[in-house]
1. Which parts of segment 256-299 would a label at R246 reach, counting a residue when its backbone N lies under 20 Å from a point 7 Å out along Cα-to-Cβ?
2. Can you give the convex hull volume of the alpha carbon atoms of segment 250-300 per residue, in Å³?
3. Helix-only estimate, please: 222 nm mean residue ellipticity of the chain, summing -39500 (n - 2.57) across DSSP H runs of length 4 or more and dividing by its residues, to the nearest 500.
4. Among L237, L224, A115, whose Cα lies farthest out toward the positive end of the dipole of the chain, if unit charges sit on the beta carbon of Lys, Arg (+1) and Asp, Glu (-1)?
5. What fraction, in whole percent, of alpha-carbon pairs in segment 200-257 exceed 15 Å separation?
6. Using 0.36 nm per residue, how much length does the chain from R303 to A223 gain when fully extended, once their Cα-Cα distance is taken away?
7. When all C-alpha to C-alpha distances in the chain are sorted into bins of 20 Å, what percent of pairs does each bin hold, rounded to whole numbers?
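Only the coordinates and a few stated rules stand behind these numbers; no lab work does. Computed from a predicted model, the values in this text were never measured in an experiment. As a convention, Cβ positions derive from the backbone with ideal geometry for all residues, glycine included, and neighbour counts pool all protein chains shown.
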Amino acid sequence: MTSTAAHRAVEAVWRIEAARLIAGLARLVNDVGRAEDLAQEALVAALEQWPASGIPDNPGAWLMTVAKRRAIDEIRREVTLAGKVELLGRELPRPDGPELPEPVEDDVLRLMFTACHPVLTPEAQAALTLKMLAGLTTEEIARAFLVPTTTMAQRIVRAKRSLAEARVGFSAPGADELAPRLASVLAVVYLVFNEGYAATAGEDHLRPALCEEAMRLGRVLAALVPTEPEVHALLALMELQASRLRARTGPDGAIVTLLDQDRGRWDQLLIHRGLTGLARAEQLGGAIGPYALQAAIAAVHARARTADQTDWPRIAALYAVLARVVPSPVVELNRAVAVGMADGPAVALDLVDGLGDRLRDYHLLPSVRGDLLAKLGRPVEARAEFERAAGLTLNERERDLLLARAQECG
């Protein structure tokens, strides 16, 4: 295997296994920061060994075993507690052997609640969990938060230091601690889903495994707190959006925009589940919660059998309510798109132009502006906007789409 192929394989494995690897290690060493360090050390070992030895049959088990062995070495050197050594290292298999048996508890969910501890700011909670749960790079997380990479790196380092200084262990919260930390956990689950639904960087537009993991965690949360409307609303939102996954890319991986998608490929089971979950959230009194409003928007799309049947005035009205509940320039940009479909591109362009200062480096702003300019018969300006958007995105599929849109402008 070539070094380049091995590196790509390691990266792919890391994307899939990072969450469970770090969560499993955190349960053993009771320190999420150290757990991530051990996981990274195992990753380095894979980068060194796999080009020569090949990818093991169970790469996740290989990484876990290497990381656990390093944890044992540390304990022997620094603590020499025979009980912990026995707990961690009892009959460790070879790195290419079977995985050690794990307890039934959901370690990934416990990792999320640990990283969402109140000692951290909401921004730090989300950033730290994304890094550990989704295996995202610091640069990718910075893009998701629209901040410089150096700022995000400092935020993550400070978050891990704060957890260590506060001696936060690896555990799920008690009943009295659940409510204050639930909002942060929901935000992180949705960020993970969004990274799977539209990857910030890389060769692929979609990362379905992240969407599946986010929905799995959403279902666990819904069972854990069945009377919380926003939990059901978030799960409904993810299911309604995930129903389009098969139609969002073509056979060659190219992006297929919403208006051009074959709606016959939308997953009707997920749509049914999403609509049922949204109804449940509304019955619990959560109709104007942030996730319920977004799920209601997704439901309008799901109910339209063709793109022409989409109730854009309804979507624009829902976004207007959402913008009042959760003020955000990104929400305003989405509202502008809906307004453009409902009332025409000229009205929408005025709204978009008012967002320039707040979304200066956000690639979807020039993308939306380019689309509106093209509809208004201003191809030269539209082409410049599409090219600017292509220069801002880190995702290759998105860049291809934007450059193709620029080319269509002549």
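1. Correct set: 256-276, 299.
2. Numbers: hull volume 4.6 nm³, N = 51.
Dividing the Cα hull volume of segment 250-300 by its residue count gives 90 Å³.
3. Working: 19 runs with 284 residues, N = 410.
That calculation yields -22500 deg cm²/dmol at 222 nm.
4. L224
5. Values: 909 of 1653 pairs.
Taking all Cα-Cα pairs of segment 200-257, the fraction more than 15 Å apart is 55 percent.
6. 26.1 nm
7. In whole percents, the pair-distance histogram is 24, 55, 20, 1.
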